[in-house]
Structure formats: C-alpha cells, structure tokens
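The numbers here are math on the coordinates, done by the rules we state, and not lab data. Please read all numbers here as calculations on a predicted model, not as lab measurements. Counting neighbours? That spans all protein chains shown, and the Cβs are built from the backbone with ideal geometry, glycine included.
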Amino acid sequence: MLSEVIQGMWVTIKHSLRSRETVQYPEVKEEMPVGYRGLHKLLLWEDGLERCVGCKLCSAACPVDCIYVESAENDPGNPTSKGERYASIYEINELRCIFCGYCEEACPVGAVVLGNQYEFCEDDRDKFIYEKGDLLVGSMEEVPELKARYSEQKLLKYV
Ligand code: SF4
Ligand code: SF4
C-alpha cells in the first residue's frame, strides 16, 4: 500500500518538474504522428489514372454511412481508372465521419486513405461533404506523409 502511494507521488513529482511545451497554434503547427487519421485522400497511380475502381467496399464498410459512391463503365479508349469501372461520384461527409479507418482497410486497391490533415472548418454544413475533386491528390510518391505511413503499416497489401 505504502509503496503504491510513494510510486504515485513519484509520478506526480516527476511530471510537475518537467518543462512544459506550449505550442503556439495556429502559428506553429505540430506534426502529426505517422498513424494519425485525418482527412481522407483519394490516390492516383503513378501514371495518373485513378486508383478507385468504384467498387463501393469502402462505403459498405463505413459504420456511419458517410461515403457515397456511384460507379460507371470506363471508356476503353480513355479510361479513368485501371479497372472496368471508376467512381463517377465519390463523396464523403467529413462531419459524420468518425475517422475509424475502416474505409481504407476495406479498399482493395489502396485508393482511399486517411491523411494527416487535422484542420478543416467551413461556414456551411454542406461544405463538409467532400467530393471527388476535393479528395483526389497525386500518387503515393507525391504525398510524402502518406508514403511514410503506408510503407510502415503495409496497408497496401493488395496492390
Ligand atoms: S474513416 Fe470510418 S467513419 Fe470515416 S469514412 Fe472511413 S469508414 Fe466511414
Ligand atoms: S475507394 Fe476503394 S473501396 Fe472505395 S469505391 Fe474506390 S476502390 Fe472501392
């Protein structure tokens, strides 16, 4: 009993002597840890084609039903993705999202990923529905923070 009290006091003393770091946000922005789940991104392949093939698995996996996907057949002469289909509409309601990461785990081609962006504010609820154009970024090579994260977590195991 006494040893637990001493142990507890030691922890309190140790922490009270530590220097405090106050981050001067928003002038100074902290770097998020590698595994941080922030706003979504949709990745392209290195050749510029969209990774997303419109399969809707992310939407099915989402526990709060905040992903809406409509798919369409690719034009063989001018494809949008590498699959037979692509997402003609891809929307995520970021207000409803709980950032659980199930969508990226469900995606068979590593198209939808959670980036490290934690700041998002709008003056209208509708603006939190991010459309495909808001979500599309470059390839993994062009987004260094994603590259660091996904090579570490080996999430792109199906690619
Ligand atoms: S992170 Fe979770 S809640 Fe958010 S869109 Fe993906 S599956 Fe849905
Ligand atoms: S993001 Fe992935 S899981 Fe979602 S529709 Fe596109 S390919 Fe399918």
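Taking the longest Cα principal axis of the chain as reference, the axis of helix 144-153 is set at about 80 degrees. If R0 is 30 Å, the Cβ-Cβ spacing of Gln24 and Arg96 corresponds to a FRET efficiency of close to 0.40. For the peptides 22-29, 80-87, the ranking by packing is 80-87, 22-29, with the highest mean count of neighbouring Cβ atoms within 10 Å listed first. Listing Arg18, Arg96 from fewest to most neighbouring C-beta atoms within 10 Å gives Arg18, Arg96. What's the whole-number percent of alpha carbon pairs in the stretch 30-153 lying beyond 23 angstrom? Of all Cα-Cα distances in the stretch 30-153, 28 percent exceed 23 Å.
With the convex hull of the Cα atoms taken as the outline of the stretch 72-134, the averaged projected area works out to 5.3 nm².
The H on the amide N of Leu136, modeled in the peptide plane, is under 5 Å from the matching H of Leu42, each at least 5 residues off or on a different chain.
Taking every DSSP helix (H) stretch of at least 4 residues in the chain, weighting each as -39,500 (n - 2.57) and dividing the sum by the residue count yields a mean residue ellipticity at 222 nm of -6500 deg cm²/dmol.
At a Förster radius of 30 Å, what calculated FRET efficiency corresponds to the Cβ-Cβ distance of Ser88 and Asp123, to the nearest 0.05? Let's see the in-between values first.
Working: r = 29 Å, r/R0 = 0.95.
With R0 = 30 Å, the Cβ-Cβ based efficiency is 0.60.
For the chain, the longest principal axis of the alpha carbon atoms and the long axis of helix 2-17 meet at an angle near 70°.
Label-to-label distance for Glu73 and Glu105 is 3.6 nm, based on points extended 7 Å past Cα in the beta-carbon direction.
Which one of Phe128, Ile6, Gly115 is farthest out on the positive end of the charge dipole of the chain, using unit charges on Cβ (Lys, Arg +1; Asp, Glu -1) and the Cα centre as origin? Going by the Cα projections, it comes out as Ile6.
List Val109, Val34 from most exposed to least, where exposure is judged by having the fewest other Cβ atoms within 10 Å. Before the final figure, lay out each step's value.
Details: Val109 19, Val34 13.
In order of increasing Cβ crowding within 10 Å: Val34, Val109.
By DSSP, the beta bridges lying fully in the chain are antiparallel in about 80 percent of cases. Summing charges over all other residues whose Cβ lies under 14 Å from the Cβ of Tyr25, with Lys and Arg as +1 and Asp and Glu as -1, gives -4.
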